[in-house]
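Heads up, the thing below is written out as structure tokens.
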Amino acid sequence: MDFKALLQAEINRKRQKIESKDVLAPNKKYFKRGDLAAKEEEDYWKRHKRVHDDSIRSPEIKKETKTDTPEQTEEKTPQMLRKEVIRRLRDRNEPIRLFGESDYECYLRLKKLETDEPDAREEGFRNEFKAAMDKVDEDYFKEMVEAATSGEGGKRSNDVSIKDDGTTVEDIQTMKEEIGKGDSEKNCDIILRFLKYLLKMWGQNLNQRPEEEKRTLKGKEASAIHTQTVSYLKPLFRKLKHKTIDEDILDAMVIIVYHLMHRDYLKANDAYLEMAIGNSPWPIGVTMVGIHARTGREKISSRHIAHVLNDETQRKYIQALKRLMTQCQKIFPTDPSFSVNYERPNS
């Protein structure tokens, strides 16, 4: 086989192909590869009898096909700050964004995780009270080992952790006159300081128990409840500190703390039940059923909704708030007519 003949035949074939495409520059022997590629693409669409009408389509039609309605845009807006979504996903060891995922889709994924697995963490579902009891036992065992090693006789304090921010009874008397005056930032500071004061006093009362009582099962349970309450209240304290708490919950807590400071525990309990359970005649927590608003829809405001059903984190600190209300009644006793489940103090 003659190699030169084959090469010449290939050159001639290429030259005829280029001449048939009509891509040569005038009076020149060269051509642009971009012009050749465009010509081949045009021939391809002609062969397959496909109309390439994207360039003919009017901009108005494209705009109409790609623009969402205001209702769709409003529905696709996340109802939570992006920073909060990222924090909650990281708490669950979940990726903060999947490939091609929008902020709204990321928010929906978080809500689905919180609904399906409300207490799931890296160790999975767990009994939090049992975990608090195990923590108390673990601390007790560590101190026994340290005492035995140092030769101090194995005496164990069994004290709970206490943080003191410097709030005194005199400060509470001053805050009692300032709360509920319409300044939301001031209300957040007062509520935060008052709840921390109740936690401190509760911890001090637990630490003042006799050592034998602390080591009993009942004593360990009391310490575990305090430890669990501290962990439950951390998200609430964070929101109060950064002034990011929901307005309706803040309004309810202002009423609760106001009555607690004035030692009217009956009214404080009624305000708590209204916040946690709600007093709507509709099913608890439901504000909109279906796509059409029902008659009397405007009569249901956010203050009538059961916030305990919103999410698991909110349920926990609402439950912890009730424990602090019970301790407040013991720290600041009042007349039986203003008390809830009154117990006569031991004489």
- Task: Report yes if Leu233 is assigned by TED's automatic domain parsing to the domain that holds Gly180, modelled with pLDDT of 90 or more, within 14 Å of Gln327 (Cβ to Cβ) and surrounded by 17 or more Cβ atoms within 10 Å (Cβ to Cβ), otherwise no.
- Result: yes
- Query: surrounded by fewer than 20 Cβ atoms within 10 Å (Cβ to Cβ), within 19 Å of Lys330 (Cα to Cα) and at pLDDT 90 or above, is that true of Gln204?
  - Reply: yes
- Kindly provide the set of residues from the stretch 235-246 that are part of a helix (DSSP H, G or I) and either farther than 14 Å from Gln314 by Cα or without any contact (Cβ under 8 Å) to a residue 60 or more places away in the chain (or both), ordered by number. Phe237, Arg238, Lys239, Leu240, Lys241, His242
- Restrict the check to the stretch 80-98 and report whether at least one residue is at pLDDT below 75, charged (D, E, K, R), under 38 Å from the mean Cα position of the chain (by Cα) and within 30 Å of Pro235 (Cα to Cα). no
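Quick check on my filter: what residues within the stretch 21-42 are surrounded by fewer than 10 Cβ atoms within 10 Å (Cβ to Cβ) and at pLDDT 70 or above?
Arg33, Gly34 - these are the residues of the stretch 21-42 that are surrounded by fewer than 10 Cβ atoms within 10 Å (Cβ to Cβ) and at pLDDT 70 or above.
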- Item | Among the candidates Lys218, Lys176, Lys181, residue that is out of contact with any Phe, Trp or Tyr (no Cβ under 6 Å at 6 or more places or on another chain), surrounded by 14 or more Cβ atoms within 10 Å (Cβ to Cβ) and at negative phi | Lys176
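The values are calculated or read from the model by the stated rules, or taken from the named source; none is laboratory data. For clarity, every value in this text was computed on a predicted model and none was experimentally measured. Cβ: placed from backbone, ideal geometry, glycine included. Neighbour counts: every protein chain shown.
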